Each structure stands twice: as C-alpha cells, then as structure tokens.
1. Tell me, yes or no, whether the stretch 409-431 has at least one residue that is among the polar types (S, T, N, Q), outside any helix (DSSP H, G or I), under 24 Å from LEU152 (Cα atoms) and not assigned by TED's automatic domain parsing to the domain that holds ASN100.
2. If only one of LEU368, LEU382 is within 24 Å of the chain's Cα centre (by Cα), part of a loop (DSSP other than H, G, I, E, B), in contact (Cβ under 8 Å) with a residue 24 or more places away in the chain and surrounded by 13 or more Cβ atoms within 10 Å (Cβ to Cβ), which one is it?
3. For the stretch 163-194, name all the residues that are of a type in the set (Ser, Thr, Tyr) and either over 21 Å from GLU111 (Cα atoms) or assigned to a loop (DSSP other than H, G, I, E, B) (or both).
4. Sort out for me the helices (runs of 4 or more DSSP H) sitting completely within the stretch 195-294 that have 1 or more residues that are in contact with a Cys (Cβ under 7 Å, 6 or more places away or on another chain), assigned by TED's automatic domain parsing to the domain that holds PHE131 and more than 30 Å from ASP185 (Cβ to Cβ).
5. Quick test for you: out of TYR60, TYR79, pick the one residue that is surrounded by 17 or more Cβ atoms within 10 Å (Cβ to Cβ) and either assigned to a helix (DSSP H, G or I) or of a type in the set (Asp, Glu) (or both).
6. List pairs: first in the stretch 119-143 and crowded, with 20+ Cβ neighbours inside 10 Å, second outside any helix (DSSP H, G or I), Cβ under 6 Å, 6+ apart or cross-chain?
7. Could you check, for the stretch 133-153, whether at least one of its residues is in a loop (DSSP other than H, G, I, E, B) and of a type in the set (D, E, K, R)?
8. Could you list all residues from the stretch 288-307 that are of a type in the set (Ser, Thr, Tyr) and within 19 Å of CYS173 (Cβ to Cβ)?
Amino acid sequence: MRKLTLILSTIFALSSSLFGQELTLKEKAIEEFKNEHYNEAIEILEKAVEENPEDAEIYYYLGWYNHYLAYDSRPLKGYDLSHSEKIFSYLDKALELNPNYDDAKYFYGAECSGNAFNSMQNYDLEKLKHFYKLAFDKGAYPDWLIELGKNLLNSCPENSIIFVGGNADFDICSYLQLHKNFRKDITVIPIGNIDRPWYVEFLKNGLQGGVKPVTLSLTKSQIYDIHPFKWDTTTISITVPKTDIEKYDLPNDFTLDWQVNPDLTSQRQHSKMRGEKLKNRTYLSPQRAILLQVVEENYGLRPIYFSNFCNPFFYGGLDKFFTNCGLVSKLTPVDTKTKNIQINYTEFEKLLKKENLEDYSDITENNLPRISGITFMYHRILYLLAKEYSEKNKTNKLNSIIDLYGKCLQIGFNEEIEDYYKDELEKLRNNSR
C-alpha cells in the first residue's frame, strides 16, 4: 500500500509539472478578458509589460482591451477620447516592435475610426480626414482593401445610398471618398450606427466637402428623442419611383410593402385593449426605426443599396426585396424570389474582371486577419456566375471564368477554401462537357 501510494504521488507530481504549469501573466490576462473582467485583464497586462517590455503582443492586447472599454463596453469614466492617445501609444509600441503585426494595424484603424466619428459629431472635416489618413499610414488600409472599397462603391450607380456593415467596409469607403475623391456622389451609412441621434442629425445635414446628406424630414427634437418605440408587426407601404414602375412593369399605384417586425422585446406584460390577453411588450429599436425612415423618404429619390457584408439581422426583412449584384444588393420594390430576379449576373460579370482583382494577391503580404475573410465573397460570386454559365451551357464563358479564378483568386492565401472552390468549379466544367 505504501509503495502504491508513493507511485501515485509520483505520477500526480509529474502530471502537475507537465500539464499544470502556472499561466503566464499574459495568459492570465487573456483568461480574465474572456470572463469579462476587463479592468483585471488590463492591470495584469500592465504588470506583464514591466516583465517583458519587448513583447509586442502585450502592447497589442493593452491597445485592444483599452479600445474595447472605450468603445464596446458601457460608458466608463475616463474612457473617452482623451484616453485615445494611450491606446495609440500601446499600438504604436506593438508596431515598433513588430512592423508586420497585422492585428495591431487593424486596431489602429479601429481607434482612428472612433476618433473619426467624433470628428463627424463636431463637423470637423480636417480632423475627419486626418484620422483616416493616419489609419492609412499605419497600414490599416492595404492595397487589397482599397481595391475592395473601390469595387464596392463602383457597384452602385450614381447618387446612391449604401448601407454598409461596419469598420471593414465603411472606413475604407470613407477613406476613398475623403482622400481620393472617389465616388463622393454616394452616401455611405454604417447600418449599425444609425441608432445614435447625433449621427442621424449628421446624415440629415451632411458635411460640405465630405459627406453627402440624405433626405430626412424629422425635426431636431424628434431625432434627439429617438428611443425604442412600442411596435407590433406592421406593413409600411412605400412609394415606388416611376423608373421602377416601368422597369418592373408594375401598376402605377404599386407600393413597396415592407412588413416591419419589432426587433426588441421585454418581459413587461401588457394588453392594448381591455380584456385582451396579456403578452410581452415589443418594440422597434432606434436602429430599425431610422432605417425605416431613411428608406421611406429616400427610395423615390435615390437608388438604395446594401453591402453584402452586413449582418442580415440589420436588414429588418428588407432582403426579401434584394437583388444580389455581387458585393452589394439593390433594394427593389418587388419580392425578388417570386419574380426570379434574386441575382443580377450582369453585375457579377462587371465585377469579375482581371482589372478589378489586380491587387487581390496583396492580401498574402498584408493580411488583416480580423476582416480579410470578407474577400471570400469574390470566390462565392465567381462560383455562382460559373454555375449560371454551366446551367446555360455557356462553355466558353465558363472556361474563361475558371481561368480567371486560377490567375487572380487562387493565390495560396487560404488553400482549404481555394481548393474547395477549385474542385467545385472543375465539377461544373466536367458537367458541361
């Protein structure tokens, strides 16, 4: 028994030494962040950087975690724009120690974006331009992303409004418009940010030389009183412009009938009428309310598009009326599935040209892991076009688009995804023979 106890004790000690090593300070900080103990994570990182002042990753995490508290958490004392310089200093140090630190470049761009929004709030065009230029200088907008932004904007006709997803597509479009004077006829709106009253007012006013305004008849007091509105599922009828009446061969009195569903709910019970069964109260969020307002007032005036990088939740059911044009979807007045116009292959063909993909290979050298996955949209679009060619027996076009894939998109960036599409494209080619 004593021998058995000794053996077990020895095995336990060895196991502990092999598998139970104490976490490093950096690892402890990461665990604290995962558990949403943000201040504790930062405090541990500050100790870690004293022990390892040449570790770029620690400075990166300090920049990221402080950025999170400033922008993605609840409002916290001290975490305002005055805190931004500290965040920049951490990310600067990370890039000084590792100039190719792509995640640090991304968060530098994100921090610049936060400052850019503050500049919009103050209608300060020079500062707005400054922060987008700073992000570019730090490598947050590599060539492949600039090319993607140009392709995104060029997918929309003149004078469009386009709702985009967030940092990845909004910031690069803003940089191109402000510093390259590229497609300034388009109003680019980050769909997740339209719940902020000051930004709604900014969209209404625009910024001379910077941002083209949208039509909004809401008064200032209405804008600043935006809040969750009591709402049950309601169909809103929106006037359709004559051009779309003719294009889709619709009756003159045809309207875009959008079923607007509530997107917030509470446990609060209520009934509208006496004697009615109690149910949870539902609301229209500020974001969806403003989306409704912009679409309702501008659909008859300007083409409206949505970036295909948006989270579909934000569409609020409007995607029923979308025609996929590649990187963007056009808002139409009809149920596109019923009309069999869910995809505009002509727009796919306009996008998928060698000259629009010349800088795609830059992603292998300047990868931004947090957002670079959006480029696989190109692969998906090309596959859908190839499938259309295969089904229509357009063999020459099919072979041409497969060749384009091999030359421009199969570059060794993500071999698993690239090999998947290569195999699927070869299946289409074989089926067409």
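The values are calculated or read from the model by the stated rules, or taken from the named source; none is laboratory data. Just so it is clear, the model here is predicted, and its values are computed rather than measured. Counting neighbours? That spans all protein chains shown, and the Cβs are built from the backbone with ideal geometry, glycine included.
1. Among the residues of the stretch 409-431, at least one is among the polar types (S, T, N, Q), outside any helix (DSSP H, G or I), under 24 Å from LEU152 (Cα atoms) and not assigned by TED's automatic domain parsing to the domain that holds ASN100, which makes the answer yes.
2. LEU368
3. The one that is of a type in the set (Ser, Thr, Tyr) and either over 21 Å from GLU111 (Cα atoms) or assigned to a loop (DSSP other than H, G, I, E, B) (or both): THR187.
4. Details: elements: 197-205, 220-224, 242-247.
Here the list is empty.
5. The conditions single out TYR60.
6. PRO142/ASN366
7. yes
8. As a first pass, look at the stretch 288-307 and keep what is of a type in the set (Ser, Thr, Tyr): 299, 305, 307.
TYR305, SER307 - these are the residues of the stretch 288-307 that are of a type in the set (Ser, Thr, Tyr) and within 19 Å of CYS173 (Cβ to Cβ).
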